[in-house]
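A quick write-up on the structure given underneath.
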Amino acid sequence: MITESHAPTPALQCIAVEALQIGMFVTGIATQRAQMVISRPGCINSMEQLAALRARGVQEVWVDPARARSGEPVTAQSLTEMSTATSASSGHARDPGSAARKASRIHRLYKEAKTMQNKLFRSLKRGEPLQVADLEAIADELVDSIFENRDALFCLARIREKDSYLMEHSLNVAMLLANFGRYLGLDRSILRELTIGGLLHDTGKIMIPDAILHKPARLTDEEFAVMRSHVQHSIDILKDAAGITPVMMTVAACHHERLDGKGYPFGLSGERLNLYARMSTIVDVYDALTADRCYKAGMPPTAAFRILLQGAGSQFDDDLVSRFIKCMGIHPVGTLVKLKSGKLAVVIERNEDAPLQPVVKVFYSTVGQHHLDVRILDLGKASDSEQIETAVDPKQYGVEIARYLM
């Protein structure tokens, strides 16, 4: 087993460069005035490094609180180099300038979406009316990112805080719906409505007592009845809000319905559940299964796929389950895999032309039982020994996946 702390891993934090302190571990640039990339993450060890960042136009950076005062120092050279060359063993050439700009935009968007989601829930708890217009710009940007850089977006989506489940689940459902709809070839206007519907689908949970919502044990029948009422609360919140469309309402009202009629709150079945309802049930369950909660660890995507397949034809639409899995990829972003060489790697980018050969980040050898220099490897250009042998459960090796997704 890889020796790592089992305490909850703090999320990456975006801070102003002026707030950087010696000992902080920098993982990347969030915003900047000039093109520059940090080619290798590491600790800030001197005032000169701080001054160099400011002098080169860096405004905000991403730091990893869990890795403060560990790892190799960030040198002036590593902060400023713009070489487009990559290790010959990586087989995955990238344009650092372009990658940095895209990463910066994705980080900003995801941060803004979480802020907006948090603001939404707080305003609704205060009894303020729902303002759908506030979500439209974020929804448009999320849809754009699904088309342009969905893998980077889903890397961020896998870095979750156990005490922010409601907010992050809603945001992830929104992104998953947009991605699924893109795969199905739905109109862009529908993708936008699905995204907003996902952001709003669990708003009724603000009416559920925290003792039930966050209970770290099985709910009693009475408590489960209260929990189920969140769907009706969501309907009540959305029904009178300006800008709510039938697609948005369907996502909120029907994501707990089942194809066999055993769902809630209406017990709808068969043809009474339209495409958007059927998509929502699949996406909602998938994200719930793969999420870390205060009382359980999320399961690997491949295990969640098995549960979806077990429910296909009864709980879920059979054809849509198959298409959802194809949409996500055999090894979705964030999956921990073991290569034939015995190395562990996490999937960071899909390969649509060769689903079994994604781009991965290699970091550990199970043969030598030691950490490796982290490197990006395009399995589509690698040797046979560096192909995926199997997907593995991070808990088997004590791996915190979030550490390797940035």
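Restricting Asp287, Asp260 to those that are under 22 Å from the mean Cα position of the chain (by Cα) and touching a residue at least 40 places away in the same chain (Cβ under 8 Å) reduces the list to Asp287. Of everything listed in (1) small (Gly, Ala, Ser); (2) part of a loop (DSSP other than H, G, I, E, B); (3) more than 21 Å from Arg158 (Cα to Cα); (4) touching a strand residue (DSSP E or B) at 6+ places or on another chain (Cβ under 9 Å), the single unmet condition for Gly380 is (2). Look at (1) open to solvent by 10 Å² or more (accessible area, probe 1.4 Å); (2) free of Cβ contacts under 8 Å to residues at least 60 places away in the same chain and you find that Ala242 fails only one, number (2). Scanning the range 375-406 for residues that are touching a Lys or Arg at 6+ places or on another chain (Cβ under 6 Å) and loosely packed, with under 15 Cβ neighbours inside 10 Å gives Ser385, Glu389, Thr390. Number of residues in the range 265-287 that are in contact with a helix residue (DSSP H, G or I) (Cβ under 9 Å, 6 or more places away or on another chain) and either assigned to a helix (DSSP H, G or I) or open to solvent by 30 Å² or more (accessible area, probe 1.4 Å) (or both): the value is 16.
Within the range 290-323, being without any contact (Cβ under 8 Å) to a residue 40 or more places away in the chain, open to solvent by 30 Å² or more (accessible area, probe 1.4 Å) and among the aliphatic types (A, V, I, L, M) holds for Ile307, Leu309. Within the range 351-374, track down each residue that is charged (D, E, K, R) and open to solvent by less than 40 Å² (accessible area, probe 1.4 Å). Hit for the range 351-374 is Lys361, nothing else.
Of the listed requirements (1) modelled with pLDDT under 95; (2) among the aliphatic types (A, V, I, L, M); (3) in a helix (DSSP H, G or I), Ile196 misses just one: (1). Evaluate the following for Lys340: is it in contact with a helix residue (DSSP H, G or I) (Cβ under 6 Å, 6 or more places away or on another chain), surrounded by 17 or more Cβ atoms within 10 Å (Cβ to Cβ), modelled with pLDDT of 90 or more and not acidic (Asp, Glu)? Spelling it out, it is not the case that Lys340 is in contact with a helix residue (DSSP H, G or I) (Cβ under 6 Å, 6 or more places away or on another chain), surrounded by 17 or more Cβ atoms within 10 Å (Cβ to Cβ), modelled with pLDDT of 90 or more and not acidic (Asp, Glu).
Checking each residue in the range 263-281 for being without any contact (Cβ under 8 Å) to a residue 60 or more places away in the chain and within 28 Å of Ala217 (Cα to Cα) picks out Gly263, Tyr264, Pro265, Phe266, Gly267, Thr281. Sub-9 Å Cβ pairs linking a first residue in the range 203-222 that is under 20 Å from Ser170 (Cβ atoms) and open to solvent by 80 Å² or more (accessible area, probe 1.4 Å) to a second residue that is among the β-branched types (Val, Ile, Thr) and part of a helix (DSSP H, G or I), at least 6 apart or interchain, are Met207/Ile237, ordered by first then second residue.
The values are calculated or read from the model by the stated rules, or taken from the named source; none is laboratory data. Remember, predicted model here, so these are calculated numbers, not experimental data. Neighbour counts are summed over all protein chains in view; Cβ atoms, including those assigned to glycine, are modelled from backbone coordinates with ideal geometry. When the accessible area is computed, the model is the full protein with side chains, heavy atoms only, and any ligands, DNA or RNA have been set aside. Shrake-Rupley method; radii C 1.70, N 1.55, O 1.52, S 1.80 Å.
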